[in-house]
Amino acid sequence: MGEQAAEPRRPGVGVGVVVTSAAHPGCVLLGKRKGALGAGTYQLPGGHLEFGESLAECAARETLEEAALPLRHVRFASAVNAACPSQRYHYVTVLMKGEAEPGAEPRNPEPDKNEGWEWVKWDEFPPADQLFWALRCLREQGYNPFTEELDHLKGYTGSHQLE
């Protein structure tokens, strides 16, 4: 039998969630990553899209798993294509937006993956180099979670090369 050629690497598909709350006006939910990739950078809730799952289902599931926070009004926000070859990282991340259910506050059921969750003013975000890649790309697009406009996607070429 001949040797099979290795399949080429393919980008991962992720879903990130911009979570807002009526109880925290102007804020979104951020956590600080733990682990080998991106440790110490700020992230949104999110994870891998499972086979057969809708984007909204993934967003709701990941936010519930990672922040114990139920969502409502989940909808599309943006998409980013972030590649960092030196870290062998390449993900296409669909960003969804959801609102925390009234009265719900985040918890941290995965302390091995995240230092904790906090509400951070969108206009007072940490600098770009402290944001994990999908969130950094989203900010660079000019996305605003407090409008329903998609103007931030005008002219987006679908590529962020990160180092």
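Built from the Cα atoms of segment 32-127, the convex hull projects on average onto 7.0 nm², one quarter of its surface area.
Show me the trypsin sites (Lys or Arg not before Pro) within segment 89-119 that DSSP assigns to loop and that have at most 11 other Cβ atoms within 10 Å of their Cβ.
Values: sites: Lys97, Arg107, Lys113; in loops: Arg107, Lys113.
Within segment 89-119, no trypsin sites (Lys or Arg not before Pro) qualify (loop, at most 11 other Cβ atoms within 10 Å).
Using the 1.4 Å probe convention, the accessible area of the chain works out to 56 Å² per residue with neighbouring protein chains retained. Restriction of the trypsin sites (Lys or Arg not before Pro) in segment 30-92 to DSSP coil positions whose beta-carbon has at most 13 other beta-carbons within 10 angstrom yields Arg88.
Cross-link partners for Lys32 among the lysines, with Cα-Cα distance under 23 Å and sequence neighbours closer than 8 places in the same chain left out: Lys97, Lys113, Lys121.
Computed over segment 12-163, relative contact order equals 30 percent, with contacts defined as Cα pairs under 8 Å that lie 6+ residues apart. For the chain, a Kirkwood hydrodynamic radius built from all Cα pairs, placed in the Stokes-Einstein relation at 20 °C and 1.002 mPa s, yields a translational diffusion coefficient of 131 µm²/s.
Set the Förster distance to 30 Å, then compute FRET efficiency between Phe76 and Ala39 from the Cβ-Cβ distance, nearest 0.05.
Values: r = 29 Å, r/R0 = 0.97.
So the FRET efficiency works out to roughly 0.55.
The values are calculated or read from the model by the stated rules, or taken from the named source; none is laboratory data. Please read all numbers here as calculations on a predicted model, not as lab measurements. Note: ideal-geometry Cβ built from the backbone for every residue, glycine included; neighbour counts use all protein chains shown. Surface areas here come from the heavy atoms of the whole protein model, side chains and all, with no ligands, DNA or RNA. Shrake-Rupley method; radii C 1.70, N 1.55, O 1.52, S 1.80 Å.
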